[in-house]
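Derivation of every value follows stated rules applied to the coordinates shown; laboratory data play no part. Not measured: the values here are computed from a predicted model. A quick note on method: Cβ atoms are made from the backbone with ideal geometry, for glycine too, and the neighbour counts reach across all protein chains shown.
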Amino acid sequence: MKIVLVEWNDTYEMEAGWHALEDAKKWKPYTCCSVGYLLVEHDDHIVICADSGVNDNTEVGRVQAIPRSCINKVVKLEKGLYV
């Protein structure tokens with residue numbers, strides 16, 4: 001399985017309570033990065049997982065389906081240490 005870094009825009013919510021209208025208008029989605037094994041690519045989304053079974057790779061964990069409309073870029077990573 002390929003290991004990828006996905007930069008994507010997630011929803012970002014203001015804390016509970018009342019807020020000035022002008023402050024609310026300035027709110028933006030949060031850009032984040034997820035790293036994982038690329039499981040499948042569909043026309044409208046991709047699926048990655050953070051964990052994979054060691055022995056037979058028939059089970060995965062921490063699965064994310066990320067809509068392509070939210071993705072800024074996908075970068076294939078080589079196995080090794082990334083800082």
(Q) Criterion first (in contact with an Asp or Glu (Cβ under 9 Å, 6 or more places away or on another chain) and either of a type in the set (Asp, Glu) or more than 16 Å from residue 73 (Cβ to Cβ) (or both)) does residue 53 satisfy it? (A) yes
(Q) Go through region 8-63 and report how many residues are touching a strand residue (DSSP E or B) at 6+ places or on another chain (Cβ under 6 Å) and of a type in the set (A, V, I, L, M). (A) 10
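Quick check on region 42-62. Is at least one of its residues touching a His at 6+ places or on another chain (Cβ under 8 Å) and either in a strand (DSSP E or B) or not aliphatic (A, V, I, L, M) (or both)? Explain how you work it out, then say what you get.
First pass over region 42-62, keeping only residues touching a His at 6+ places or on another chain (Cβ under 8 Å): none.
The answer is no, given that none of the residues of region 42-62 is touching a His at 6+ places or on another chain (Cβ under 8 Å) and either in a strand (DSSP E or B) or not aliphatic (A, V, I, L, M) (or both).
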(Q) Restricting to region 39-69, name every residue that is in contact (Cβ under 8 Å) with a residue 24 or more places away in the chain, surrounded by 15 or more Cβ atoms within 10 Å (Cβ to Cβ) and within 19 Å of residue 10 (Cα to Cα). (A) 46, 48, 64, 66
Q | Boolean, residue 23 is in contact with a Lys or Arg (Cβ under 8 Å, 6 or more places away or on another chain), over 14 Å from residue 1 (Cα atoms) and either exposed (fewer than 10 other Cβ atoms within 10 Å of the Cβ) or among the hydrophobic types (A, V, I, L, M, F, W, C) (or both) | A | no
**Q.** Residue selected from region 1-32 under the condition under 10 Å from the mean Cα position of the chain (by Cα) and among the charged types (D, E, K, R), by the criterion nearest to residue 54 (Cα to Cα)
**A.** 7
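In region 4-41, which residues are assigned to a loop (DSSP other than H, G, I, E, B) and either basic (Lys, Arg) or under 18 Å from residue 65 (Cβ atoms) (or both)? Break it down into steps so the answer makes sense when it comes.
Restricting attention to region 4-41, the residues satisfying the condition of being assigned to a loop (DSSP other than H, G, I, E, B) are 11-20, 26-29.
Once the filter is applied, which keeps residues that are assigned to a loop (DSSP other than H, G, I, E, B) and either basic (Lys, Arg) or under 18 Å from residue 65 (Cβ atoms) (or both), region 4-41 yields 11, 26, 28, 29.
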